[in-house]
Amino acid sequence: MNEMMGGHIVNRFNDEMSQLHGLVLKLSELARSQMHDAVKTLDDEDCEAAQVVIERDKKLNDLDIEADDEIIRLIAKRQPMAKDLRDIIAVGKIVSDLERIGDQARWVARMTIHFYDGDKLPPNHHLLDDIPRMAEMVDEMIIKAMGAFENLDLEQALDVIQLNLELENEFKSALRRLSTYLMDDARHVGHVTEVVLGLRAIERAGGYAKNIAGYVVFLVKGTDVRHESLEQVAAEVRAEAW
């Protein structure tokens, strides 16, 4: 293969990867919007808006499939090796986790319908206080994780992993507050159970954002850090050898 032909193929691959990255960013914006809108339906007691969120999840699924098809096509066509293959693998994992964030948003929207559709007694709003607070933390995590992905920013990826620890602590605090509420009035056990599941969905979404930050480390350093502590990841990120 002559140098000109080789350069042409490299440029084509880079163009195709740029298009794939653009699709990933589009997915992330939709996932963020889904979570924001789902939590808003809960605050507004708006079952119609919740149904819109649920139906819009199909758009996220379609983008997920489109990205997967493009990844398969790229691998078959370009047969990437070394760092190029690592890039494609990481993008595929990021796409999967963004789609899962959308699944958690759909769960929250279904909660709205469960609570407010029909003549059932709605929950006390104090039970829901932790949901928007945790959702804001997750939104910040997604923004930073995608910024880390776009700029290959390892420090920003570390910030996301740190934020996930804070989110987990907030989740535990929320569970303690709900337990106290339940001890004061056991009649709300059904509502408390549903709220716990909603909080768990949001906490999971944060975990997926943390995974994305880990994939950024994998992209740059070639090391899988998903199951390592914050201190271990920080040591890997700040190691001299790149």
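One table, with the values for the structure above:
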| item | result |
| --- | --- |
| Residue list for segment 33-61, restricted to those being over 17 Å from residue 103 (Cβ atoms), open to solvent by 70 Å² or more (accessible area, probe 1.4 Å) and either touching a residue at least 40 places away in the same chain (Cβ under 8 Å) or within 20 Å of the chain's Cα centre (by Cα) (or both) | 40, 43, 45 |
| Some residue of segment 166-173 being closer than 25 Å to residue 197 by Cβ, of a type in the set (Lys, Arg) and part of a helix (DSSP H, G or I) | yes |
| Single residue of segment 160-195 satisfying the filter (under 22 Å from the mean Cα position of the chain (by Cα) and within 19 Å of residue 116 (Cβ to Cβ)) that is most open to solvent (accessible area, probe 1.4 Å) | 194 |
| Condition broken by residue 147, with the remaining ones in (1) in contact (Cβ under 8 Å) with a residue 40 or more places away in the chain; (2) surrounded by fewer than 20 Cβ atoms within 10 Å (Cβ to Cβ); (3) of a type outside the set (D, E, K, R) satisfied | (1) |
| Within segment 22-32, tally of residues that are surrounded by fewer than 16 Cβ atoms within 10 Å (Cβ to Cβ) and closer than 14 Å to residue 100 by Cα | 1 |
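Residues checked against (1) in contact with a helix residue (DSSP H, G or I) (Cβ under 8 Å, 6 or more places away or on another chain); (2) not hydrophobic (A, V, I, L, M, F, W, C):
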| position | (1), (2) |
| --- | --- |
| 193 | no, yes |
| 198 | yes, yes |
| 225 | yes, no |
| 230 | yes, no |
| 237 | yes, no |
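The values are calculated or read from the model by the stated rules, or taken from the named source; none is laboratory data. For clarity, every value in this text was computed on a predicted model and none was experimentally measured. All Cβ positions, glycine included, derive from the backbone under ideal geometry; neighbour counts span all protein chains shown. For accessibility, only protein heavy atoms count, side chains too; no ligands or nucleic acids. Shrake-Rupley method; radii C 1.70, N 1.55, O 1.52, S 1.80 Å.
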